[in-house]
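The values are calculated or read from the model by the stated rules, or taken from the named source; none is laboratory data. Fair warning: this is a prediction, and the values are worked out from it, not measured in the lab. Every residue, glycine as well, gets a Cβ built from its backbone with ideal geometry; the counts of neighbours run over all protein chains shown. Each accessible area value is taken on the protein alone, full model and side chains, heavy atoms only, with ligands, DNA and RNA left out. Shrake-Rupley method; radii C 1.70, N 1.55, O 1.52, S 1.80 Å.
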Amino acid sequence: MPSNKSVSDAPIVQFTNCRILRDHQLQREDLWVREGKILNPEKLFFDEKGSADVQLDCKDSIIAPGFIDVQINGGFGVDFSLATDDFKSGIDLVSQKILSHGVTSFCPTLVTSPSSVYHQVRGLLPSHLQSDQGLRLVSGGGWVLPQISVRNGGTHGAGILGAHLEGPFISKEKKGAHPEHCLRTFEAGAFQDLLATYGSLDCVQIVTLAPEMRRSSEVIRELTKRGICVSLGHSVANLSQAEEAVQHGATFITHLFNAMLPFHHRDPGIVGLLTSDRIPAGRKVFYGMISDGIHTNPAALRIAHRAHPKGLVLVTDAMAGMGLAPGRHTLGQQVVEIDGLNTYIAGTKTLSGSVATMDTCVRHFQEATGCAVETALEAASLHPAQLLGIEHKKGTLNYDSDADFLMLNDSLYVQATYIAGEEVWRQDVSGM
């Protein structure tokens, strides 16, 4: 009779006494993991005649897919929009720290910045330094995009799915905390203008732009063709302009309600996409919500959720001050001030990112909307995975998907975080 080693020598771990979020329901089942993947126990029992090498009692915890944050500007004193010599150690720090918030994958987000932050602009260097070698000599690692690389998560921290570039092709009227002097428009080159600004799209997962901009349609088509998610935001677009952008390939809305025209009954603007009847067949529009109790009134959160529950994606929009004491911090080119849970551009009342953590956003969303626990958890896991087209491996506990998951208590506080089936963070015993 074949042993449980007939297919693989890797140990099989069985998580028992738990409720698993699968098929939109919490189900009292065991979770089986091998080689970083969720295992189908029926195939194990009947095809391999195998059994578990290790059993772990989960003490009636909820097991849910790991959270995915597609909009996070930094945290713990690190600003992803600042080109520094120790940028890589900064991104490593954030990826490690957010494990305690249940985040297993994320998109480091850059707000509107000068081109020299995205990449080294050769034309700004003396001619003798414009070779690749010369660029390396003067860079000191001082530009950002080439230092962001897609990588798997693990004990070192949450996985990186690619960068989210929020701006600079956005509306001056709805710039929010973005520096006006860095804003750009699409000129004769259109998509080439975008490439000239960013330098490379190799590690880019999402681009936020304003769809009312001239020639934005061709830019949206080109980005979509390259598998990059286009998000609409920081915009004064009316509904027909937003619908046209979706018809050209846009699939996301950046922090709904914030930095866009307010809902109006004769022209609901970008918000109207939630119930539009002009979305192409088979296409779903997702929308980000900052559920921190500051950026979006609970009533607005409820309206959005009830209008389009399957499209809601929880994001933190966290900035460098997350995890730090109140005071002054940076957000790209701006100085911001933290006052409690409020973050403003210093000296103004303009909101600028948040200091919320993803687990806090999940709990606030569930409390504010009264939705099911399953719904709240999927808004931070399944929905962002679907947005990025990675739901076959992330955002679910389906068989053969990545074993990135959380143990939570009934109040949705994270007790432990696992990536590829390996424990990467656990609440100390006193907090369990």
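Quick rundown of the values:
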item	result
Residues located in region 286-303, provided they are surrounded by fewer than 21 Cβ atoms within 10 Å (Cβ to Cβ) and either basic (Lys, Arg) or out of contact with any His (no Cβ under 7 Å at 6 or more places or on another chain) (or both)	Ile294, Asn297, Pro298, Ala299, Ala300, Arg302, Ile303
Subset of region 259-280 [in a loop (DSSP other than H, G, I, E, B) and surrounded by fewer than 19 Cβ atoms within 10 Å (Cβ to Cβ)]	Pro262, Phe263, His264, His265, Arg266, Asp267, Pro268, Ser276, Asp277, Arg278, Ile279, Pro280
Filtered residue count, region 178-202, keeping only those that are open to solvent by 20 Å² or more (accessible area, probe 1.4 Å) and either within 19 Å of Gln333 (Cβ to Cβ) or assigned to a loop (DSSP other than H, G, I, E, B) (or both)	12
Hey, Gly323 surrounded by fewer than 16 Cβ atoms within 10 Å (Cβ to Cβ) and more than 23 Å from Met260 (Cα to Cα) or not	no
Counted residues, region 347-374 - those being open to solvent by less than 30 Å² (accessible area, probe 1.4 Å) and in a loop (DSSP other than H, G, I, E, B)	6
Enumeration of residues in region 37-73 that are in contact with a helix residue (DSSP H, G or I) (Cβ under 6 Å, 6 or more places away or on another chain) and at pLDDT 95 or above	Ala64, Phe67, Ile68, Asp69, Val70
Residues of region 163-175 that turn out to be open to solvent by less than 30 Å² (accessible area, probe 1.4 Å) and in a loop (DSSP other than H, G, I, E, B), as a count	5
Search result, residues across region 385-408 that are in a loop (DSSP other than H, G, I, E, B), open to solvent by 50 Å² or more (accessible area, probe 1.4 Å) and in contact (Cβ under 8 Å) with a residue 12 or more places away in the chain	Asn398, Tyr399, Asp400
Selection from region 328-345 of residues that are open to solvent by 30 Å² or more (accessible area, probe 1.4 Å) and of a type outside the set (Val, Ile, Thr)	Arg328, His329, Gln333, Gln334, Glu337, Asp339, Gly340, Leu341, Asn342, Tyr344
Hits in region 28-44 - residues which are out of contact with any Phe, Trp or Tyr (no Cβ under 9 Å at 6 or more places or on another chain) and surrounded by 13 or more Cβ atoms within 10 Å (Cβ to Cβ)	Glu29, Arg34, Glu35, Gly36
The one condition in (1) over 30 Å from Arg363 (Cα atoms); (2) open to solvent by 10 Å² or more (accessible area, probe 1.4 Å); (3) touching a residue at least 60 places away in the same chain (Cβ under 8 Å) that Thr84 fails to fulfil	(3)
